[in-house]
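First the structure, in the form of structure tokens, and then the observations on it.
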Amino acid sequence: MRRIFALCLLVFAGGCDSFRFAPTEEQKQNAWLHNRTSILAAEAAKDEFASEKLQALTKVSENQSRAFVAYNGLPQEFPKAETAQDVLSEANMKITSEATIQSAQRPDVWQLTDSTLELAIAACSVLGGVYGTKAVRFLRQARTKQQALKEIIEGNELFKKMNTESAAAFKQAQSRQSAQTRQIVAEMKI
């Protein structure tokens, strides 16, 4: 139970900026395109007798891009990228643009916390017994409190948006909160 509580506390207090979605097909295609682009650039630098420095940099870029492919995984469908003209195609530019947008997305902290608490409740239910029952009761209460905190924060943000003239007074009223409370609320708003 302590481990489950520690995990919930870590996610709840630490935020979920470090959590990311699994790579999408577009992100995998983009990583593979990056590798192909790096290979083509290294070959062009060599073929065009670029400076030793530029040739070395493009070769390092080619090697580094392999890590991106390894991290993201291979795509199910490989975009056409045999030549520089292929890499620079509109379709590949669209893949790169979409992958950039998707890479910035993060899970919603409220959904993540709720899912974690739900998983913990299910695990404790399976354990059963007196401690399992107590843990389920505790986790359900934590989930209810998490939902209440979410509603309060969302309501406060809506109030500040709708009443911009009162925003300074609102912030002043909240200034007596502890540093820990302010930190938790700030992380939850993100």
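Couple of notes before you dig in:
- Qualifying residue in region 166-177 (condition: charged (D, E, K, R), exposed (fewer than 11 other Cβ atoms within 10 Å of the Cβ) and farther than 27 Å from residue 120 by Cβ): yes
- Matching residues in region 42-68 - criterion: being surrounded by fewer than 18 Cβ atoms within 10 Å (Cβ to Cβ) and among the β-branched types (Val, Ile, Thr): 60
- Test: residue in region 114-129 that is of a type in the set (Val, Ile, Thr), in contact with a Cys (Cβ under 6 Å, 6 or more places away or on another chain) and surrounded by 13 or more Cβ atoms within 10 Å (Cβ to Cβ): yes
- Positions within region 69-113 being closer than 30 Å to residue 151 by Cα, among the β-branched types (Val, Ile, Thr) and crowded, with 16+ Cβ neighbours inside 10 Å, in sequence order: 109, 113
- Filtered residues of region 59-97 (kept if in a helix (DSSP H, G or I), aliphatic (A, V, I, L, M), within 13 Å of residue 36 (Cα to Cα) and more than 27 Å from the chain's Cα centre (by Cα)): 84, 87
Let's see how each residue does on (1) basic (Lys, Arg); (2) under 29 Å from residue 20 (Cα atoms); (3) outside the structural domain of residue 99 (by TED's automatic domain parsing):
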{"site": "36", "(1), (2), (3)": "yes, yes, no"}
{"site": "61", "(1), (2), (3)": "no, yes, no"}
{"site": "65", "(1), (2), (3)": "no, yes, no"}
{"site": "69", "(1), (2), (3)": "no, yes, no"}
{"site": "76", "(1), (2), (3)": "no, yes, no"}
{"site": "82", "(1), (2), (3)": "no, no, no"}
{"site": "87", "(1), (2), (3)": "no, yes, no"}
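- Being free of Cβ contacts under 8 Å to residues at least 40 places away in the same chain, in contact with a helix residue (DSSP H, G or I) (Cβ under 9 Å, 6 or more places away or on another chain), surrounded by 18 or more Cβ atoms within 10 Å (Cβ to Cβ) and under 30 Å from residue 154 (Cβ atoms) is a property that does not hold for residue 39.
Here's the yes/no breakdown for (1) of a type in the set (Val, Ile, Thr); (2) in the same structural domain as residue 42 (by TED's automatic domain parsing); (3) modelled with pLDDT under 80:
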{"residue": "98", "(1), (2), (3)": "no, yes, no"}
{"residue": "116", "(1), (2), (3)": "yes, no, no"}
{"residue": "130", "(1), (2), (3)": "yes, no, no"}
{"residue": "158", "(1), (2), (3)": "no, no, no"}
{"residue": "164", "(1), (2), (3)": "yes, no, no"}
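- Filter pass, residue 151 being exposed (fewer than 12 other Cβ atoms within 10 Å of the Cβ) and outside the structural domain of residue 169 (by TED's automatic domain parsing): no
The values are calculated or read from the model by the stated rules, or taken from the named source; none is laboratory data. Remember, predicted model here, so these are calculated numbers, not experimental data. Heads up, the Cβs are rebuilt from the backbone with ideal geometry, glycines too, and the neighbour counts pull from every protein chain shown.
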